[in-house]
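The values are calculated or read from the model by the stated rules, or taken from the named source; none is laboratory data. All figures in this text were calculated on a predicted structure; none of them were measured in a lab. Virtual Cβ from ideal backbone geometry, glycine too; neighbours counted across all protein chains shown. Please note that ligands, DNA and RNA were not included when accessible areas were found on the heavy atoms of the full protein model with its side chains. Shrake-Rupley method; radii C 1.70, N 1.55, O 1.52, S 1.80 Å.
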Amino acid sequence: MTNEERQQTEPKQVIVVNRNLNMPQGKLAAQVSHASMGALFKCGIKDTDMLHIDLRAGSAVEKWLNGRFTKIVLYVKSDMKLVEIAEKAEAAGLPTSLITDAGFTVFDGKPTRTCVGIGPVFPDELIG
């Protein structure tokens, strides 16, 4: 399989960051990680005390977890655009996690939306 074919078929996770926040590198890394894990956990079904993630053979999650954990990190320049992307992804039925930082170490104590994680999903499921 060529690299181009792999890019068109392998599942991916997309993380979109609000770049206007000018987060310190460590904060940015933590927020992107929160978005990645949050979106992955949205792929699961929670019962009383456990989270069950669908690992059926061939599912996007199964292929992603047993593959390369491909992530695409993009950015927007406003909170409004970040929310718009999260809403579109949720409306499309994609596993989505919009992250709001509590503001304890950055953002002057104000809760602030920092990024959104989407997927893992197959490329043809991603919205434009």
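For the reader, a short list of remarks on this structure follows.
- When each of 21, 51 is tested for being of a type outside the set (Ser, Thr, Tyr), without any contact (Cβ under 8 Å) to a residue 24 or more places away in the chain and more than 14 Å from residue 119 (Cβ to Cβ), the lone residue that passes is 51.
- Neighbours by Cβ (under 7 Å, 6+ apart or cross-chain): first from region 73-84, farther than 12 Å from residue 117 by Cα and small (Gly, Ala, Ser); second surrounded by fewer than 14 Cβ atoms within 10 Å (Cβ to Cβ) and modelled with pLDDT of 95 or more: 78/20
- Filter result for the condition that a residue is surrounded by fewer than 16 Cβ atoms within 10 Å (Cβ to Cβ), under 15 Å from the mean Cα position of the chain (by Cα) and of a type in the set (D, E, K, R), over 84, 90, 125: 84
- Residue 30 meets the stated requirement of being surrounded by 15 or more Cβ atoms within 10 Å (Cβ to Cβ) and over 30 Å from residue 5 (Cα atoms).
- Identity of the residue in region 93-109, more than 18 Å from residue 81 (Cβ to Cβ) and out of contact with any Asp or Glu (no Cβ under 9 Å at 6 or more places or on another chain), that ends up least open to solvent (accessible area, probe 1.4 Å): 103
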